[in-house]
1. Rounded to the nearest whole Å³, what is the per residue volume of the convex hull around the Cα atoms of the range 175-271?
2. For residue 832 paired with residue 328, estimate the spin-label separation in nm (one decimal), with each label point 7 Å from Cα along the Cα-to-Cβ line.
3. Let a ≥ b ≥ c be the square roots of the eigenvalues of the Cα gyration tensor of the chain; is it rounded (a/c under 1.5), or, if not, prolate (a/b larger than b/c) or oblate?
4. Is it possible to state the helix-based mean residue ellipticity at 222 nm for the chain, with each DSSP H run of 4+ residues giving -39500 (n - 2.57), the sum divided by total residues, to the nearest 500 deg cm²/dmol? What is it?
5. Send over the per residue convex hull volume for the range 1-72, Cα only, as a whole number of Å³.
6. Which whole-angstrom value gives the distance between the alpha carbon centres of the range 378-399 and the range 655-711?
7. Could you give the spread of the C-alpha atoms of the range 162-212 along their three principal axes, from largest to smallest, in whole angstroms?
8. I need the shape label for the range 113-182. Rule: rounded when a/c is under 1.5, else prolate if a/b > b/c, else oblate, with a, b, c from the alpha carbon gyration tensor.
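No value in this document is a laboratory result; all are computed from the given coordinates. Just so you know, these numbers come straight off a predicted model, no measurement behind them. Cβ atoms come from the backbone with ideal geometry, glycine included; neighbour counts cover every protein chain shown.
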Ligand SMILES: [Zn+2]
Ligand SMILES: [Zn+2]
């Protein structure tokens with residue numbers, strides 16, 4: 001028998017961690033493999049080991065834990081596999097900044113010592129992150145926790161790479177890529193953030209060869225790249241330049257002759273219509289260069305200083321070279337003009353440096369053969385997106401996808417599993433950690449490629465590498481494909497698309513069936529949270545103050561699929577109050593339970609009554625029906641991924657209907673009724689409460705479990721309790737009850753309006769027509785809830801004559817007359833009304849006079865006049881109301 005003694009107030013801080021530890025130690029998070037049952041599986045998006053959890057992680061964890069707990073209660077073997085991501089570029093950046101505080105650099109430390117620092121960092125933060133996830137209540141299977149650089153996952157990365165390599169889907173070549181000079185690495189297109197910025201457009205004259213004083217003028221935002229130009233291009237239809245195509249221009253500063261060519265992609269509207277072509281430093285120019293077989297010149301070092309190709313500017317930083325070159329052009333009379341210009345500039349996603357497009361030798365994934373099956377999976381419904389509109393976003397990106405640059409010039413990450421032979425030049429890809437000899441000539445003089453893989457390459461394998469792939473493990477066999485991939489919409493391309501491509505390629509199956517995308521969390525004013533704005537909310541601080549349940553419930557009920565959401569502390573506070581309300585409701589139920597009941601007994605009784613409701617009161621039938629409606633609705637909404645709406649309906653039911661109405665109504669049979677009625681009510685209270693705790697458990701796991709543990713039952717833990725099935729709906733009971741609730745509300749409003757003291761009973765006459773008997777049968781409830789004097793309650797079919805001096809309420813098909821003498825002291829009220837009317841009259845006169853003044857209407861601002869007119873209308877309406885009320889008192 002559980003401990004029925006509940007403390008006066010629910011205290012999350014002494015409860016949550018204790019319950020979590022008990023759940024975890026009891027093994028409740030670990031699924032049992034049962035071949036007769038279909039499992040439910042989510043791979044948790046692994047947070048980066050770069051730091052601590054933020055609100056984005058909190059919403060991710062809340063949504064996934066909700067689904068996991070729901071499916072576990074449905075009796076499905078439920079796996080939620082947690083882990084962390086090594087986050088190559090981000091983690092390396094953070095640790096580089098960290099060691100810089102000690103005056104150290106990555107180069108100074110050397111590869112081995114630097115990586116040691118990163119492993120230390122990883123062990124520290126991995127633990128922090130896992131602890132924080134526990135604080136949120138995430139019921140994931142920690143025995144299966146993975147890290148993207150675990151031995152098994154590293155092996156999966158090598159296997160995937162080698163398979164792609166052997167099928168010609170990974171290649172190495174010199175192409176134009178995005179280069180971050182600060183991080184000193186290549187980036188994929190996705191890792192570059194484009195931002196509109198104020199810049200300058202420089203117009204520069206290129207002298208024509210074999211001509212005196214003849215020029216072709218080009219416009220550029222990056223004048224230093226002139227040093228890498230290998231052509232000038234114009235549109236073939238552009239009449240201005242028709243005669244120049246085929247001739248040569250002389251490159252300023254370097255005096256190199258370059259051809260003037262015609263290419264369809266040149267926009268005649270941009271600048272002068274003639275553009276410089278720098279295949280080594282611009283993606284469009286790179287393509288033009290390919291089409292016209294132009295040479296490609298790389299003028300930059302890794303740190304964006306200029307190399308020997310830059311002639312007199314060699315050794316200068318890119319911006320220094322820009323200043324010097326522009327000054328030289330100006331001196332030589334070749335700078336025509338400089339205009340302000342706004343354009344999008346690429347920045348490194350991690351360190352925010354301006355990215356330099358640059359030709360470089362890198363590893364690429366040939367993406368089309370992976371993208372085609374990944375698109376087919378979405379087209380034929382094997383994968384569906386929630387919300388559906390992201391299907392189109394997915395297709396748009398996949399249809400225009402470019403080969404994926406996967407090599408990074410970093411140290412932290414999965415080393416590319418390729419060895420270069422010094423003797424024969426052969427490249428050998430191998431799943432071995434250390435290759436002994438060249439596969440072609442057998443030479444031992446081989447070097448492993450120094451680069452590491454893009455982090456998203458290993459996270460792209462996450463749903464199956466974590467289950468043991470490429471080995472044929474029991475986990476992989478049973479839990480793969482997974483069910484739902486739930487993540488933020490801003491990593492749809494980075495991650496979701498790559499998991500689908502690599503998953504279908506490597507396993508022949510889609511990695512998950514549903515992609516649920518949630519939005520970003522903004523502050524209460526809809527602003528993005530950022531450190532510089534100082535509006536960042538730390539989930540751990542919120543948990544300390546309000547408890548994890550409150551944070552989770554606020555996040556969940558604020559969410560709709562795919563949309564950004566606002567979070568305010570008022571919402572969190574309201575969620576905490578909801579938890580407290582539930583706690584107090586449970587205290588009431590237990591405090592009035594008597595000694596006889598267990599959850600199991602009451603369930604049996606109520607199930608019997610559901611078949612034959614004749615012994616139930618209207619209130620019982622109503623709450624039972626509403627409860628069943630809510631079970632059906634919440635279940636349906638969760639299945640439809642409408643978690644926010646599910647939470648809101650539960651809240652409305654539990655607070656608005658169960659606590660505020662049924663519990664209040666239950667006091668009649670409990671305190672004033674016969675034994676059998678009290679007994680029946682006790683059973684109903686227990687039944688509805690217990691099943692509601694189950695419904696709410698996936699949203700607020702801690703307060704529901706703690707409350708449930710106080711109920712007398714044979715069960716072990718709420719987390720394992722079965723999800724409730726909806727019973728019968730009693731439409732008649734709902735139709736009869738709703739007008740009665742409306743009536744009580746209307747009487748309460750009238751009492752409030754007339755400022756009747758809460759404890760003072762009033763008189764009431766109800767005209768109910770054919771429903772007279774129904775209302776009479778509920779008289780006790782009306783008396784209690786609307787505070788009506790039992791001796792002064794009349795319930796009639798019809799009234800011969802309307803009562804005088806009474807307030808009339810028409811509500812829900814009933815007429816209610818409240819004698820004013822019962823509501824107010826008539827003499828005093830009359831005096832008060834007269835005073836108010838006199839006051840109002842003065843205001844009306846003042847306003848009328850003001851509006852009659854010619855000067856006012858003509859000279860005052862229009863909105864001031866409008867406001868005054870609206871004020872006058874208000875005064876007159878109020879005057880009419882007060883006169884009416886006064887008349888009723890005469
Ligand atoms: Zn960078
Ligand atoms: Zn060799």
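1. Dividing the Cα hull volume of the range 175-271 by its residues yields 148 Å³.
2. Label at residue 832, label at residue 328, 9.1 nm between them.
3. oblate
4. -13500 deg cm²/dmol
5. Numbers: hull volume 12.1 nm³, N = 72.
So the per-residue hull volume is 169 Å³.
6. Going from one Cα centre to the other spans 44 Å.
7. 60, 35, 18
8. It is prolate, given that a/c is not under 1.5 and a/b is the larger ratio.
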